[in-house]
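A quick write-up on the structure given underneath.
The values are calculated or read from the model by the stated rules, or taken from the named source; none is laboratory data. Keep in mind the model is a prediction, meaning the values are calculated, not measured. All Cβ positions, even for glycine, are placed from backbone atoms using ideal geometry, and neighbour counts span all protein chains on display. Accessible surface areas use protein heavy atoms only, side chains included; no ligands, DNA or RNA. Shrake-Rupley method; radii C 1.70, N 1.55, O 1.52, S 1.80 Å.
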Amino acid sequence: MKRVLLCCLLAAAVLCTGLGQAHAAYKQEYKLSVVPGQSSGWGMSALFFANLVKEKTNGRINIKVYCNSQLMSGMQTSEFLLLRNGIIDFALASTINWSPQVKQLNLPCMPFFVTSHPDRYKAMDAIEAGKSGKMLISAIEKKGVHFIGWGENGFRELTTSKKVASLADLKGMKIRVVGSPIFVDTFRALGANPATINWSEAIVGFQQGTVDGQENPTNGINIPSKMWQYHKFHCDWHYVIDPLMLCSNQAVWKNFSAEDQKILMECAKEMERYSKALSRLGQDPSYLAYLESINKKPEVTDPYGVLKANGMTVVTPSEEDMKAFFKATQGVRDKWTKNIGPELVKAAEDDIAAAK
Ligand code: X2X
């Protein structure tokens, strides 16, 4: 009897592990989470990925994009936990929203760190492709989420109701930030008064004038949100560049066949190119040429022209003012280098230096 039971248990174990061969049936629909709206750069990139996956897998993998933080009832910083627990299958996410759970993801959020390098895009690309990028990926994988590919939200520029060109201008201004501690530290160090508000409630806050400003990327968020309706000034300070990570729940990933995993990774590579082109459009003509070549020319091709046409004043701080911003945030970089781990920060610096 015991032997029969043992055989049954063994057979069940073999069936469960499938010896790496068998896969449970695919879900009818996989849920992909996006924090901002469908017209944001990430909403568009997520849809691009979902459509491509459907096409390349002949409909075997059907991903539906859920925008506006729907899957986490507006609480953007709980996305990582829901993805890990399988309530969400996929997410195209900013590292900012996951930084409270995965401390290493604060690396790109360090003020004037990546963007203090002369070629800021090259610096970001070098991190993603380098040892530090691998360290970021391994940090999220250790916490139970599978990484598929990179995307980009872009430079987070300040939009305000009053002109901001210097530290003195920013003093005492109430600035909406994501509920992630490094952002509170940064804006306090800059002399401002940071208010943590979920993105899902931020626009209402801007409408009601409960804050004096906010920071988000021009192409990806500020233009689709028509930020000029709330703030007349755009401060072109490029203080942070915000990457996106396309990830899936680990069990969901493991259940895909090797062939489908390969297709998903190829689609993610194409999505990365598309997402970066959307984010960088207007900074270099090659991105528009690429978008035209894939028949995806967006409505807005001259972002700064659109800001100005809608009555926004683009303020470029002087070199001295930029130095003052940098100096004021030195303590934040020092504190967060310790929190994140100096080895990771050093690896990022090495990756950037090697890419020059
Ligand atoms: O909340 C924000 O500012 C946003 C949309 O950029 C993020 O999700 C990080």
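Tabulated results
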item: Matching entry among GLY213, GLY209 (being in contact with a Lys or Arg (Cβ under 8 Å, 6 or more places away or on another chain) and more than 28 Å from ASP89 (Cα to Cα)); result: GLY213
item: Residue that is nearest to the chain's Cα centre (by Cα), among those in the range 290-306 that are at pLDDT 95 or above and aliphatic (A, V, I, L, M); result: LEU291
item: Set LYS2, LYS103, LYS27: member being at pLDDT 95 or above and farther than 30 Å from ASP185 by Cα; result: LYS27
item: Qualifying positions in the range 116-161 - over 13 Å from the mean Cα position of the chain (by Cα), farther than 30 Å from VAL252 by Cα and buried (at least 21 other Cβ atoms within 10 Å of the Cβ); result: ALA123, GLU157, LEU158, THR159, THR160
item: Selected residue [in a helix (DSSP H, G or I) and away from the ligand (no atom under 14 Å from the Cβ)] from VAL53, VAL65; result: VAL53
item: Enumeration of residues in the range 275-297 that are touching a residue at least 40 places away in the same chain (Cβ under 8 Å) and in contact with a helix residue (DSSP H, G or I) (Cβ under 7 Å, 6 or more places away or on another chain); result: SER275, LEU278, SER279, ARG280, LEU281, GLY282, LYS296
item: Residues of the range 96-146 satisfying the condition of being among the polar types (S, T, N, Q) and either outside any helix (DSSP H, G or I) or closer than 19 Å to ASP350 by Cβ (or both); result: SER99, GLN101, GLN104, ASN106, THR115, SER116, SER132, SER138
item: Positions within the range 25-40 being open to solvent by 60 Å² or more (accessible area, probe 1.4 Å) and either of a type in the set (S, T, N, Q) or within 28 Å of ALA202 (Cα to Cα) (or both), in sequence order; result: GLN28, LYS31, GLN38, SER39
item: Residues satisfying the stated conditions in the range 162-184, i.e. in contact (Cβ under 8 Å) with a residue 24 or more places away in the chain, open to solvent by 10 Å² or more (accessible area, probe 1.4 Å) and within 16 Å of the ligand (Cβ to nearest atom); result: LYS174, GLY179, PRO181
item: Any hit, the range 77-99, residues being over 26 Å from ASP284 (Cα atoms), within 14 Å of the ligand (Cβ to nearest atom) and free of Cβ contacts under 8 Å to residues at least 12 places away in the same chain; result: yes
item: Positions within the range 304-329 being open to solvent by 70 Å² or more (accessible area, probe 1.4 Å) and not hydroxyl-bearing (Ser, Thr, Tyr), in sequence order; result: LYS308, ALA309, GLU319, GLU320, LYS323, PHE326, LYS327
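Per-residue answers, yes or no, for (1) within 16 Å of the ligand (Cβ to nearest atom); (2) of a type in the set (A, V, I, L, M, F, W, C); (3) open to solvent by less than 60 Å² (accessible area, probe 1.4 Å):
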{"position": "GLY209", "(1), (2), (3)": "no, no, yes"}
{"position": "PRO217", "(1), (2), (3)": "yes, no, yes"}
{"position": "ASN222", "(1), (2), (3)": "yes, no, yes"}
{"position": "GLN229", "(1), (2), (3)": "no, no, no"}
{"position": "PRO243", "(1), (2), (3)": "yes, no, yes"}
{"position": "CYS267", "(1), (2), (3)": "no, yes, yes"}
{"position": "ARG280", "(1), (2), (3)": "no, no, yes"}
